[in-house]
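The values are calculated or read from the model by the stated rules, or taken from the named source; none is laboratory data. What you see is a predicted model; the values in this text were computed from it and never measured. Note that we place each Cβ from the backbone using ideal geometry, even for glycine, and neighbour counts take in every protein chain shown. SASA here: full protein model, heavy atoms, side chains in, ligands and nucleic acids out. Shrake-Rupley method; radii C 1.70, N 1.55, O 1.52, S 1.80 Å.
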Amino acid sequence: MKEENIAERSYEKIQIDEGFFLLKIQNNSTEIQKVNKEINRSYIQFHFCLKGSGKFIFNDGRYALDVAEDNSLLLYNTQTDLPLNLELNSNSWLISVVMTIRKFHSLFSKEANYIPFLSSENKDKKYYSQEGVSPIIAVILNQIMNYNVHKSIKELYIKGKVYELIALFFNRSEDVDIEQCPFLADEDNVRRIKNAKEIIIKRMAEPPTLNELADEIGLSLKKLKEGFKQIYGDSVYSFLFDYKMEYARKILESGEHNVNEVGLKVGYSTASHFITAFKKKYGTTPKKYLTSITNG
């Protein structure tokens, strides 16, 4: 796995299989984040915007495709390379799945006629498709972006979710969302839960109580708890704790703030409380962690 962190931006490439990888890109900064990666014509690309918006630029800036929140973009062209030239706007998250067309064919070889661009008359042509993200796919995307599993099964968990994502992307059953998760039959609930996540992140230093949060998003406490667990795979405060510790770790690495300042930024009134929380998450103190990465 390759990961680059710059305070409020992150880019991570995760190898799923041979000729098959995942990109997780988060831009929580106030500036546009540019991402460039060579991808040749033997690959097919799936891009999912979880939050915010971005723009894919082609032909040296002569052509561009926008992708907005809760929308996907599928790209492939056997005639020319399609390098990734992305401009991800402020406060935006994107997940990309990229695999060789050979690998993709192997997943659907018995169902080639079911996938429009795999039919015999289309298989050597270019194919661009934009569509909305269904609620059940939104759940999978959030589980890929935010998860709380033991590090020993992290790779297996992500691989499973990526295969599930591709399978659901091509599942055209009208009832699939309702059958798999009744809560998600109501897309308004999903939006409210996503809003709850944004609220606790924005106010992580002084987060609302669960009752206050439920009132603010207009859901019952029970629906808030159940919905948050279904979408993000964790309870509200457990998710927030992990987010705060990861945010704190990135700020520490930037070297711009001392331990006490970082603790205050994520809601700890004393350095000792922050150090205890950090050690619970990472098994070491902030100071020892910084020493280890400096010497490493």
So the compactness index of the stretch 1-84, its C-alpha Rg divided by 2.2 N^0.38 Å, takes the value 1.12
Hits in the stretch 253-276: amide N under 20 Å from the 7 Å Cα→Cβ extension of K287, namely 253-266, 268-276
FRET efficiency (S235, Q15; Cβ distance; R0 25 Å; to 0.05) is 0.25
Rounded to the nearest 10 Å², the accessible area of K288 using a 1.4 Å probe with every protein chain kept is 130
In this structure, the FRET efficiency calculated for N258 and R41 from their beta-carbon separation, with R0 = 51 Å, to the nearest 0.05, is 0.55
Ranked output for segments 135-143, 242-250 by mean other Cβ atoms within 10 Å, highest leading, reads 135-143, 242-250
Residue by residue through the stretch 134-151, the couplings from Karplus 6.51 cos²θ - 1.76 cosθ + 1.60 with θ = phi - 60°, in Hz, x for Gly and Pro, are 6, x, 5, 5, 4, 5, 4, 4, 5, 5, 6, 6, 10, 9, 10, 10, 5, 4
